[in-house]
Amino acid sequence: MKNLLSLIIAMIIFGTIGILRRFIPLSSAVIAFFRGVLGASFLLVLLKFKHRTFTLPDTNNLIKLTLSGAFLGINWLFLFEAYNFTSVPIATLFCYTNPAIVIILSAIFLNERLTAKKIFCLVLSLSGMVLISGVLESGLPGKNDIKGILCALCSALLYASVLIFNKKVRGVEIHSKTIIQLSASALVLVPYIIFTGEFSSGEWSAESASLLLYTGIVNTGIAYALYFGSMNGLSAGTIAFFSYIDPVTALIFAGLILGESLTLAGLAGAALILASSVICEFRT
């Protein structure tokens, strides 16, 4: 129950990133870079405050954590870029196909059974995402949306890979594990930022710096510590289904803060997603 509660809290925090992104006038790569740097720095300070030390894992686990961290950073970049090329509904639908990818990958690489219940929950949750995305109202994407769809699908695949890699890591202290991954997520973006010169772009101000700091500490450092810390006690399927709390939370906050009202289809979709999460936890 503790691991499940940590996962739920992490997903709710993740659900606020879209709101924060709206008010940070910086490039996607720069925001993703600072998420990694600030998140890792915060966790290092937290370890020192708790009088604990950062420890490097063995080579095998270090390679897995570094790769998953790199995937995480590129995932953030593709996620933000998806919204630049296509509409929010279409980007949301394709970005959150990652639970479906996770269930398939976990069956292949983690030997987790693809049961009838998982398939039913998967269909239920994906149906909910279709309703929430608004695709039924706006129609199928045109040619101009192809880049956004590809970015969203890449984001989904990378996010699923992060989860699979983390399930294969054993015996590494949670904070140290997260620090390595967040550091790798920032480092992998450095060449891209230098090549594109995006550090000098955007509107830097005290407000944007404060929001960036909050995003790095709360939405990254704290949230990912909770998220990765929950994985050892939960199956990949459970993590995948409960990750849908993220977009549902984003929808709610968008309505409350940005005034983007929920449609009846959106409410129905949210209900289907939450129902799939609950059903997934019932033991048969």
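Based on alpha carbons, the Rg and Dmax found for segment 160-239 are 15.6, 43 Å.
Excluding the site residues themselves, the longest part of the chain lacking any trypsin sites (Lys or Arg not before Pro) in a DSSP loop with at most 15 other Cβ atoms within 10 Å is 171-282. Among 191, 247, 25, which one moves the most in a GNM of the chain with springs linking Cα atoms closer than 10 Å? The residue that fluctuates most here is 191.
Here the Gaussian network model covers the chain, with springs between Cα atoms less than 10 Å apart; of 194, 179, 19, 194 fluctuates the most. Annotation for segment 179-227: GluC sites (Glu not before Pro) lying in DSSP loop with at most 13 further Cβ atoms inside 10 Å of their Cβ are 203. Computed over the chain with a Gaussian network model linking Cα atoms closer than 10 Å, the most mobile of 87, 125, 230 is 87.
Computed from the C-alpha gyration tensor, the three semi-axes of the ellipsoid equivalent to segment 204-263 are 26, 21, 6 Å, from longest to shortest. Ordered from longest to shortest, the equivalent ellipsoid semi-axes for segment 73-216 are 28, 25, 13 Å, each the square root of 5 times a Cα gyration tensor eigenvalue.
When the gyration tensor of segment 1-139 is built from Cα positions, what are the square roots of 5 times its three eigenvalues, in whole Å, from largest to smallest?
Details: eigenvalues 172, 111, 45 Å².
So the three semi-axes of segment 1-139 are 29, 24, 15 Å.
Going by the alpha-carbon gyration tensor, a ≥ b ≥ c the square roots of its eigenvalues, is segment 1-52 rounded (a/c under 1.5) or, if a/c is not under 1.5, prolate (a/b greater than b/c) versus oblate? Oblate shape, in that a/c is at least 1.5 and b/c is the bigger or equal ratio. Along the chain, the longest continuous region that contains none of the chymotrypsin sites (Phe, Trp or Tyr not before Pro) in a DSSP loop with at most 15 other C-beta atoms within 10 Å is 55-203. Size of the chain: Rg and Dmax of its alpha carbons, in Å, are 18.3, 56. The slack in the chain from residue 114 to residue 207, taken as 0.36 nm per residue of separation less the alpha-carbon distance, amounts to 28.8 nm. In terms of distances greater than 21 angstrom between alpha carbons, the cross-link table entries 64/177; 64/117; 64/167; 2/177; 147/168; 64/147 yield 64/117; 147/168; 64/147.
Whole-percent P(r), segment 35-101, all Cα pairs, 10 Å bins from 0: 16, 32, 30, 18, 4.
Values in this text are rule-based calculations from the coordinates and carry no lab data. Remember, it's a predicted structure, so these values are computed and weren't measured experimentally. Glycine gets a Cβ as well: all are built from the backbone with ideal geometry, and neighbour counts include every protein chain shown.
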